[in-house]
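In what follows, a single structure is set out as structure tokens and then discussed.
Read the figures in this text as sums done on the coordinates, not as results from a lab. Model, not experiment: these values are computed from the prediction. Reconstructed Cβ throughout: ideal geometry from the backbone, glycine too, with neighbour counts over all protein chains shown.
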Amino acid sequence: MSEIKTAPDMEALEKLRAAQERIRKQIRTVVIGQDDVVEQLLVSILAGGHCILEGVPGLAKTLLVSTLAKSLSLEFGRIQFTPDLMPADITGTDVIYEDRQTGSREFKFIEGPIFTNLLLADEINRTPPKTQAALLQGMQERNISAGTKHYELPSPFFVLATQNPIEQEGTYPLPEAQLDRFLMKIIVEYPTRNEERLIYKTVTGDDQVEPEATLTGAEVLELQHLVRRVPISDFLVDYTMDLIRATRRDSEDAPDFINRWVLWGAGPRGGQSLILAAKARAALYGRPEVIVEDLQTVAKAVLRHRIVLSYNAESEGQTADTVVEKLIEETPLHQSEAGKDGQFERILKS
């Protein structure tokens, strides 16, 4: 992968496709199943975004993230969020340093666990908003503040935050404005029967496999730039805009079921995230441009935490995922001017 800097885009895309297959193979040696979750994590990292992992305890979320970090040669850090965690426990703090030879004293900044490449924020909703905000500043600005100084975080830098959906007592749910900073919200499901049987046989044995590094941090940065160069047609930009605007209640673009089920819809950042995630997925599969399938496949993970449902929706058994599914079904694919040269047919192909 080191030659990716000078490789043509098509060659670089093929190298990325081959690399993601090797990464999946390495992860499968440690984590059984969860192929969709792995794909969404790779999409998030290549798009340069952070994501939330939501699932019940015991689904190997921590193991999955640490294995992914090893496969990408990224420094891995973990913070267990608790109600008594303070902002300085995340960012670091100034301490008094004394020079024993001269006796002079000065403040020296000691870096906190946020100074890493891939940070697992375990149970982020278990700590108060003040501490959450310390992490969220680093996510957005890629730097942190300590006293009057700013410190740049390592690059690349990703936050993968976990939430437990079944224990809500004593938690501090992230506000919608802070949830919007996450590119994706990934749901970790229970394994299938065959996967669970294999887990019992494998994990309880004595043979433990260590994943091998597949990419370096520098190559991950190069691939992020490659993803942003993946083209998307005006036709699909309009389709993305139609989807996003249709999530907004009382908008002229909103269908009737949105006015009934949704209190607040996605903003422009949701559209930007949807396009970036679709570009990353297209690049993962070695495609030179985004197709409709890419947008529709990542739509749930990108939009589920950006839609606030009404009481009517909850009483009717609707979820953010079912709302997104219905939006995709009812949002038409208009053949725009771009379709005159055959582009309409081409971008529909998988």
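Side notes on the structure shown:
- Crossing angle, helix 129-141 versus the chain [Cα axis fit, 0-90 degrees, rounded to tens]: 70 degrees
- Linear extension gain, ARG249 paired with THR171, 0.36 nm per residue minus alpha-carbon span: 25.2 nm
- Within the shell defined by Cβ-Cβ distances under 9 Å, the residues around ARG105 carry a net charge of -3, with Lys and Arg each +1 and Asp and Glu each -1.
- Between helix 9-28 and the chain: long-axis angle, C-alpha atoms, 0 to 90°, nearest 10: 60 degrees
- Under 5 Å, built H, 5+ apart or other chain: amide partners of THR116: none
- Region 295-330 and region 217-232 have Cα centres spaced 29 Å apart.
- Calculated FRET efficiency, TYR190 to ARG28, Cβ-Cβ distance, R0 = 30 Å: about 0.95 to the nearest 0.05.
- A crude spin-label estimate for the pair GLU316 and ASN143, with each label 7 Å from Cα along the Cβ direction, gives 4.8 nm.
- Each residue of region 241-248 is assigned a 3J(HN,Hα), and the resulting list reads 4, 4, 4, 5, 5, 6, 7, 9 Hz, derived from the Karplus form 6.51 cos²θ - 1.76 cosθ + 1.60 (θ = phi - 60°), x at Gly and Pro.
- For the chain, the longest site-free run once trypsin sites (Lys or Arg not before Pro) in DSSP loop states with at most 10 other Cβ atoms within 10 Å are removed: 101-348
- Inter-part distance where region 20-79 and region 144-203 are each reduced to a Cα centre, Å: 11 Å
- Distance between the modelled labels on ASP84 and ARG260, one decimal in nanometres: 5.1 nm (7 Å Cα→Cβ projection).
- For region 68-80, the Karplus equation 6.51 cos²θ - 1.76 cosθ + 1.60, evaluated at θ = phi - 60°, returns couplings of 4, 4, 5, 5, 9, 6, 9, 5, 10, x, 9, 10, 8 Hz by residue, with Gly and Pro reported as x.
- Backbone geometry of region 107-123 corresponds, through the Karplus equation with coefficients 6.51, -1.76 and 1.60 at θ = phi - 60°, to 3J(HN,Hα) couplings of 7, 10, 7, 9, 5, x, x, 5, 7, 8, 8, 10, 9, 8, 9, 7, 6 Hz, x marking Gly and Pro.
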